Every structure is written in structure tokens, then in C-alpha cells.
1. Whole-Hz Karplus ³J(HN,Hα) for the stretch 36-45, in order, using 6.51 cos²θ - 1.76 cosθ + 1.60 and θ = phi - 60°, x for Gly and Pro?
2. If you roll a 1.4 Å probe over the chain with all protein chains in place, what percent of the accessible area is carbon or sulfur?
3. Which is the longest run of the chain containing none of the trypsin sites (Lys or Arg not before Pro) found in DSSP loop states (not H, G, I, E, B) with at most 14 other C-beta atoms within 10 Å?
4. Go through the stretch 51-56 residue by residue and turn each phi into a ³J(HN,Hα) via Karplus (6.51, -1.76, 1.60, θ = phi - 60°); whole Hz please, and just put x for glycine and proline.
5. Placing +1 on the Cβ of each Lys and Arg and -1 on the Cβ of each Asp and Glu in the chain, which of Leu57, Gly22, Ala8 has its Cα farthest towards the positive end of the resulting dipole?
6. Write down the radius of gyration of the chain and its Dmax, each obtained from C-alpha positions, in Å.
7. Let's see if you can work this out: charge +1 on each Lys and Arg Cβ, -1 on each Asp and Glu Cβ, no other charges. What is the dipole magnitude of the chain about its Cα centre, in debye to the nearest 20?
8. Provide the per residue accessible area, probe 1.4 Å, for the chain, rounded to a whole number of square angstrom.
Amino acid sequence: MRLLRSYAPEQVYLIEDKKAEGEPLYSLRLREPIGNRLYAEHLPMRVAKEVLADKELQQFQKI
């Protein structure tokens, strides 16, 4: 949450991880790669909906 609230949507944003198995997940995608990584972490969608306000969730998904 700290990463999103500090750096979204300019440097990181949420995107649905369509390859995830099990519960639906968001991936935190970096706008600029660090090393060879473009993804920072995963966040269960249910947690995002519990913790983030609707406005934040929309803002953090802006591409």
C-alpha cells in the first residue's frame, strides 16, 4: 500500500494478473524497469478493495 500511495500512478500502477491461479490478483507494475523486472509485487483484489478507497483504486489502475 505504501508503494502505491507514494508512487502511483506516475511510477507504479495496478494491473490485473490474468495468469494468476487461485484468487484474483493485481500486479504492481513499474513504469520503468528496475534491472530486468517490471513487476514489484502481487496484491489480492479482495485486499485492495478492503483497504483502498474506490477513488484510490481507480487512480492506481490508470495506465
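The values are calculated or read from the model by the stated rules, or taken from the named source; none is laboratory data. The structure displayed is predicted, hence computed values, not measured ones. No Cβ is skipped: glycine too gets one built from the backbone with ideal geometry, and neighbour counts run over all protein chains shown. Protein only, heavy atoms only, side chains kept; ligands, DNA and RNA dropped before computing areas. Shrake-Rupley method; radii C 1.70, N 1.55, O 1.52, S 1.80 Å.
1. Computed from phi, the couplings for the stretch 36-45 are 10, 9, 10, 10, 8, 6, 10, 9, x, 4 Hz.
2. Values: 2330 of 4720 Å².
C and S atoms contribute 49 percent here.
3. Values: sites that count: Lys18, Lys19, Lys62.
Looking at the chain, 20-61 is the longest stretch - no exposed trypsin sites (Lys or Arg not before Pro) with at most 14 other Cβ atoms within 10 Å.
4. 9, 9, 5, 3, 4, 5
5. Among Leu57, Gly22, Ala8, the one farthest towards the positive end of the dipole of the chain is Ala8.
6. Cα radius of gyration and Dmax of the chain are 11.1, 32 Å respectively.
7. On the way: 11 positive and 10 negative charges, 27 e Å.
Here the size comes out at about 140 debye.
8. Working: 4720 Å² over 63 residues.
Roughly 75 Å² per residue, with all protein chains present.
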